[in-house]
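Okay, structure first, notes after.
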Amino acid sequence: MHLTSKDISRFLAGIVFPSILTVLLFIVSMYVFIIPTFEKNIMDKKREMLSELVNATWSLIEEYNQDYADSLISLQEAKDLSIKRIEKIRYGKESKDYFWIIDMQPKMIMHPYRKELNGTELTDYKDQAGKLLFVEAVNIVDSLSEGFVDYMWQWKDDSSRIVPKLSFVKKYENWNWIIGTGIYLEDVKEEISILKKRLNKIAFIIFGIIGIIILIIVKQSLDIERRRKSLEDKLKASRRKYQSLVEASVDGTILIIDNEIRFSNMKFNLMLGSSASYVLSLKFDDLFDISWDELKSKINISGKSESFDAKLKSLKKPYKEIVLTISKVFFGKQEGYIIIVKDITQINLVEKETEQLSNEVQTSLLLMNQSIKHFIKDLVTCDINTPINEVARIMTRKNCDVIFTTQNQQIIGLITDSDIRSRIIAENINISNSIAQFISAPVISVNDNILLYEAILIFKDKQLSHLAVKNNQSDIVGVISNLDIHEMNRNSISFLVREVEASENIYEIEKTTKKLPILIKALINSGARTQNITRIITSLTDAITQRVIRLTIETIGNPPCKFEFIAVGSEGRMEQTLATDQDNAIIFENVNADNYKVFKQYFVELGKVVAKSLDYLGFKYCNGEVMANNPKWVLSIDEWKNQFKDWINNGDPKSILEAGIFFDLRCVYGDQKLTNDLTQFIFTTLNNKAVFFQHMANPILKYKSVVNLFGNIVSNSKDKDSSNIDVKKIILPIISFIRLYSLKYNITETNSILRLEKLRSLNHISKSLYNEIIISLNYLMLLRFKFQVNKLIKNKTPDNLIDINDLTDIEKTTIKKIISEISNLQTQLNFDFKGGI
């Protein structure tokens with residue numbers, strides 16, 4: 001195919017002349033814009049560097065001032081330490097650049113090279129150009145707090161050489177100090193000169209390359225232009241072919257060429273609820289909630305289809321759940337995509353997500369739900385006064401990476417092989433010295449019954465490498481290391497916790513929260529114990545609550561004083577289910593009367609926002625309003641102590657009911673100091689309160705069985721015509737029994753199973769009673785979870801009700817046995833408490 005003279009003229013005008021013009025414009029812009037811009041950028045970066053250096057030094061002074069504010073040192077000590085520290089700071093290529101300090105008089109506080117100026121008045125001090133440079137520095141910070149000043153000064157530590165200099169100065173308001181540092185403009189000019197030479201060389205090379213390229217382009221473009229006309233006709237025919245395929249498709253289909261939607265069939269237009277012309281005016285990202293660039297990167301082979309889950313941004317809310325099937329095609333050498341859009345139901349999505357998460361959880365569950373007692377190593381110890389070299393020999397002989405130190409046969413600290421390398425060998429410490437001054441203390445320990453995933457969370461939270469492990473008698477029996485279980489973390493349930501911690505808003509948290517019912521179903525299917533299920537739910541719920549609190553604080557501002565967000569009731573016992581509502585409160589530290597109203601108002605507002613967010617995430621409001629959004633349950637530590645004192649001393653039914661909920665308190669957010677203080681106060685107040693324990697026993701003794709005289713289970717729900725039984729009402733007397741004995745014997749655990757284990761280890765209950773209660777609780781909780789999950793699958797709201805007709809004969813028999821065991825608990829309560837204790 002030959003080109004006409006018109007085509008050649010169009011080619012010259014479209015390619016050759018613009019190329020030559022581009023070269024000329026590049027030459028002009030090189031010297032008019034690029035080089036001056038580079039010079040400006042260099043100076044801006046130097047200024048920014050000076051600002052950052054001074055800000056870093058300013059922060060150092062702030063640390064010493066904080067020590068003074070905390071009464072750790074005196075004001076003069078803080079200033080002296082600051083001067084001593086800053087005087088030694090050097091930076092730059094030769095490590096000769098420095099910082100100096102003056103005050104607002106101005107008077108020289110510190111200059112590392114001009115020590116003769118230290119302590120002298122600088123009001124009349126001029127540089128060689130006659131500038132009152134220190135007075136100007138004072139004027140700048142007086143009006144702007146910080147800024148730049150240029151002047152003449154000696155070259156670094158060479159007093160014989162005077163050169164131009166630019167300094168950044170900033171005022172430290174608390175001490176009326178001005179901190180400054182600067183750069184020598186000679187250095188900047190030299191740097192710019194080198195840059196200009198390099199740019200000139202690059203420009204000449206570029207000009208030569210462009211000239212060659214233009215010649216090549218001219219030749220090749222002529223050939224391309226000839227082929228273009230030939231391919232254009234073939235391309236039109238190919239597009240018509242694929243457009244016909246799209247139009248005939250029974251599914252919603254669109255055709256994309258050059259990232260533009262070129263055609264959509266009637267089925268897709270109906271799915272979107274719009275006209276074809278409207279669809280063609282949109283981009284792919286306007287139609288779907290997934291990035292087109294992201295999808296394209298995953299489709300590499302022409303003719304091979306790839307499927308992706310997505311949402312169609314339908315004009316009629318809500319958005320539609322869809323599956324995109326995308327195939328890459330070519331129109332000649334032009335890339336195109338045929339996209340088939342299929343609508344899918346919510347049930348299919350749930351089933352798919354359930355299967356995926358169930359497989360994922362079951363893979364890790366067997367490992368991460370095991371107690372750490374199966375992974376602990378033997379304890380290696382030495383005396384606190386053992387020499388370092390002897391400690392190293394023991395570690396080598398025992399092939400261990402940690403050794404615990406003892407004093408009077410009590411473990412008081414530990415040291416790892418990493419500590420020995422970094423803190424002793426690297427610092428050239430005499431290895432005949434005692435190990436005492438290098439140990440880490442106190443030793444952090446955990447019970448041997450905690451799960452592996454709980455240990456992982458502790459390692460992460462405390463930033464530890466090793467944990468001591470205790471048995472039920474609180475004796476340290478071994479050690480577990482973070483390294484040993486690091487690989488186990490890859491598939492553990494803690495990934496959900498990390499997902500919540502990384503969430504930037506409540507909607508991202510919601511995505512993880514929605515996985516909870518599916519997670520429970522997967523755990524039940526995998527045969528997990530109910531205690532493990534509730535622990536995992538607690539870890540995730542705590543992470544969600546903590547993240548919501550942090551996001552709320554970012555919105556409403558930092559708290560005016562220390563506080564703790566506590567969980568009570570089933571949440572406090574770490575026994576949440578899918579039907580658990582909110583039970584929480586706030587403790588804040590004691591404040592003076594002038595601040596009390598404002599401080600409480602802040603925490604009530606915090607509680608309202610947190611409670612509302614949790615309700616949105618599926619943790620429903622408490623019907624009894626036992627929540628942090630209720631001012632009644634937002635109290636100072638002393639108010640809480642008075643509240644518990646009233647409950648314990650009154651003993652009326654309402655007090656017993658409220659106290660029962662709050663005796664299960666647990667800190668969810670905060671450093672636990674206030675919670676620990678309150679817990680200690682509670683146990684002290686309960687001492688010798690026999691009447692109160694009798695009152696607490698009464699509701700358990702009044703519990704009525706749901707088994708009638710004929711041995712049949714009857715409804716205990718509010719609706720007497722219903723065949724439902726409320727499992728929570730069966731569990732309640734068991735939980736209350738455990739709580740009562742735990743309070744009596746000063747057991748600080750809040751979880752019912754942990755309380756029970758402690759009671760058994762202290763011989764306050766028999767082994768047979770312990771086993772009966774454990775089996776009963778596990779069975780009832782598992783049954784509760786099973787029915788709640790089934791209701792969720794049927795899109796019903798989960799609750800604690802179970803239809804008697806849905807129970808198998810074996811299940812009914814088991815419930816009857818559990819209820820008869822509650823009668824035994826009532827008998828023991830009568831014996832232990834009815835006549836006084």
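The values are calculated or read from the model by the stated rules, or taken from the named source; none is laboratory data. Predicted model only: the values in this text are computed from it and were never measured. Methodologically, a virtual Cβ is constructed for each residue, glycine included, from the backbone with ideal geometry; neighbour enumeration extends over all protein chains shown. Ligands, DNA and RNA are excluded from the accessible area calculation, which covers all protein heavy atoms including side chains. Shrake-Rupley method; radii C 1.70, N 1.55, O 1.52, S 1.80 Å.
Please name all residue pairs, on different chains or six or more residues apart, with Cβ atoms under 6 Å, provided the first residue is in region 739-754 and is free of Cβ contacts under 8 Å to residues at least 12 places away in the same chain and the second residue is assigned to a helix (DSSP H, G or I) and of a type outside the set (A, V, I, L, M, F, W, C).
Glu749/Arg755; Glu749/Lys758
Can you name the residue in region 781-806 that is outside any helix (DSSP H, G or I) and touching a strand residue (DSSP E or B) at 6+ places or on another chain (Cβ under 8 Å) and, of all such residues, is surrounded by the most Cβ atoms within 10 Å (Cβ to Cβ)?
Ile802
Any idea how many residues of region 565-617 are buried (at least 22 other Cβ atoms within 10 Å of the Cβ), β-branched (Val, Ile, Thr) and either assigned to a helix (DSSP H, G or I) or in contact with a His (Cβ under 7 Å, 6 or more places away or on another chain) (or both)?
Of the residues in region 565-617, 1 are buried (at least 22 other Cβ atoms within 10 Å of the Cβ), β-branched (Val, Ile, Thr) and either assigned to a helix (DSSP H, G or I) or in contact with a His (Cβ under 7 Å, 6 or more places away or on another chain) (or both).
List every residue pair whose Cβ atoms sit under 8 Å apart, with the two residues 6 or more apart in sequence or on different chains, where the first one lies in region 574-599 and is over 21 Å from Thr530 (Cβ atoms) and small (Gly, Ala, Ser) and the second, anywhere, is surrounded by fewer than 21 Cβ atoms within 10 Å (Cβ to Cβ) and at pLDDT 95 or above.
Within 8 Å, the pairs are Ala585/Leu635.
Condition first: among the aromatic types (Phe, Trp, Tyr), touching a Phe, Trp or Tyr at 6+ places or on another chain (Cβ under 7 Å) and farther than 30 Å from Glu749 by Cβ. Now tell me which residues in region 569-616 satisfy that.
The answer is Phe599, and nothing else.
For every residue, the table says whether it meets (1) under 24 Å from Lys514 (Cα atoms); (2) open to solvent by 20 Å² or more (accessible area, probe 1.4 Å); (3) at pLDDT 70 or above.
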| site | (1), (2), (3) |
| --- | --- |
| Leu280 | no, yes, yes |
| Glu294 | no, yes, yes |
| Lys298 | no, yes, yes |
| Lys311 | yes, yes, yes |
| Lys316 | yes, yes, no |
| Ile322 | yes, no, yes |
| Ser327 | no, yes, yes |
| Val341 | no, no, yes |
| Leu349 | yes, yes, no |
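Limited to region 642-668, what total is found for residues that are within 33 Å of the chain's Cα centre (by Cα) and more than 20 Å from Arg573 (Cβ to Cβ)?
So the answer is 0.
Test of understanding: among Lys201, Lys165, which residue is basic (Lys, Arg), open to solvent by less than 70 Å² (accessible area, probe 1.4 Å) and either within 18 Å of Met110 (Cβ to Cβ) or part of a helix (DSSP H, G or I) (or both)?
Lys165
Step by step: first the residues of region 724-780, then only those that are among the polar types (S, T, N, Q) and in a loop (DSSP other than H, G, I, E, B), then the one that is most open to solvent (accessible area, probe 1.4 Å). Which residue is that?
Step by step, filter region 724-780, then rank; the result is Asn763.
Which of the residues belonging to region 130-149 are part of a loop (DSSP other than H, G, I, E, B) and either open to solvent by 80 Å² or more (accessible area, probe 1.4 Å) or touching a residue at least 24 places away in the same chain (Cβ under 8 Å) (or both)?
Scanning region 130-149 gives a single hit, Ser145.
Any residue in region 53-82 that's within 15 Å of Glu173 (Cα to Cα) and modelled with pLDDT of 90 or more: show its pairings with residues that are open to solvent by less than 60 Å² (accessible area, probe 1.4 Å) and basic (Lys, Arg) at Cβ separation under 6 Å, as long as the two are six or more apart or on different chains.
Qualifying pairs under 6 Å: Val54/Lys170; Trp58/Lys170.
Can you spot a residue in region 144-156 that is at pLDDT below 80 and within 49 Å of the chain's Cα centre (by Cα)?
Residues of region 144-156 that are at pLDDT below 80, as a first pass: 155-156.
Cutting the leftovers down to within 49 Å of the chain's Cα centre (by Cα) gives us 156.
Yes - at least one qualifying residue is present in region 144-156.
I'd like to verify a number: residues in region 448-476 that are in contact with a Leu (Cβ under 8 Å, 6 or more places away or on another chain), open to solvent by less than 20 Å² (accessible area, probe 1.4 Å), closer than 28 Å to Arg760 by Cα and at pLDDT 85 or above, how many?
Here the count works out to 2.
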